[in-house]
Amino acid sequence: MTNMSIPKIRAHLATVSLTDDDLDGDHVRDAVAELKTLIADEQDSVLVTWLDAEHYRLAVLYAAAKINKSKWGANTATREPHSRATIIRRFNEAVAEIGSRLDVYESNPQTSTTSSWLVALAEFRADPILSKG
């Protein structure tokens, strides 16, 4: 059985990306908020648990980039691990990863499919800077 919300979420994620210029406005924030709305419409509790954690990751990375730009403006250090460019890269990688994981989940919609993802996302929640997420 195909979950009907997965194509909607996948299509939405295809429109989400972050650049430094995007931080001057709020459309990416709005897109992340819209993802939360799509998740709220979902009935599959396993999918909701995982996507809620993914939403948290995107929201934190977006907020970190926005705060960095507010504090430092155009002054970015590409070698520093906390630099805005690194945060933006991590955000975009996370969006792509969610899309790939949706494909995996769609073919095997079980708790076991998401368990390792949730471990990594819990590590991100515990330490967003040093985690690999």
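The values are calculated or read from the model by the stated rules, or taken from the named source; none is laboratory data. Here the structure is a predicted model, which means the values were calculated and not measured. Don't worry about glycine lacking a Cβ; one is built from the backbone with ideal geometry, like all the others, and counts go over all protein chains shown.
Got at least one residue in the range 83-90 being exposed (fewer than 15 other Cβ atoms within 10 Å of the Cβ), closer than 19 Å to Pro128 by Cα and either of a type in the set (Lys, Arg) or out of contact with any Cys (no Cβ under 7 Å at 6 or more places or on another chain) (or both)?
There is at least one residue in the range 83-90 that is exposed (fewer than 15 other Cβ atoms within 10 Å of the Cβ), closer than 19 Å to Pro128 by Cα and either of a type in the set (Lys, Arg) or out of contact with any Cys (no Cβ under 7 Å at 6 or more places or on another chain) (or both).
Any idea which of (1) outside any loop (DSSP other than H, G, I, E, B); (2) within 16 Å of the chain's Cα centre (by Cα); (3) free of Cβ contacts under 8 Å to residues at least 60 places away in the same chain is the one Ile129 doesn't satisfy?
So the condition that Ile129 fails would be (1).
Considering only the range 36-48, I want to know if a residue exists there that is more than 19 Å from Leu121 (Cα to Cα), modelled with pLDDT of 95 or more and of a type in the set (A, V, I, L, M).
Yes - at least one qualifying residue is present in the range 36-48.
So is Ser17 part of a loop (DSSP other than H, G, I, E, B) and under 23 Å from Ser131 (Cα atoms) or not?
yes
For the range 105-118, what are the residues that are of a type outside the set (Phe, Trp, Tyr) and either touching a Cys at 6+ places or on another chain (Cβ under 6 Å) or surrounded by 11 or more Cβ atoms within 10 Å (Cβ to Cβ) (or both)?
Within the range 105-118, Glu106, Pro109, Thr111, Thr113, Thr114, Ser115, Leu118 qualify.
Checking Ser5 against (1) small (Gly, Ala, Ser); (2) within 13 Å of the chain's Cα centre (by Cα); (3) at pLDDT below 95, which test does it fail?
The number of the failed condition is (2).
Could you tell me whether Arg101 is more than 21 Å from Asp21 (Cα to Cα) and in contact with a helix residue (DSSP H, G or I) (Cβ under 9 Å, 6 or more places away or on another chain)?
It is true that Arg101 is more than 21 Å from Asp21 (Cα to Cα) and in contact with a helix residue (DSSP H, G or I) (Cβ under 9 Å, 6 or more places away or on another chain).
Among the residues of the range 20-59, which ones are surrounded by 14 or more Cβ atoms within 10 Å (Cβ to Cβ) and assigned to a loop (DSSP other than H, G, I, E, B)?
Once the filter is applied, which keeps residues that are surrounded by 14 or more Cβ atoms within 10 Å (Cβ to Cβ) and assigned to a loop (DSSP other than H, G, I, E, B), the range 20-59 yields Asp20, Glu42, Asp44.
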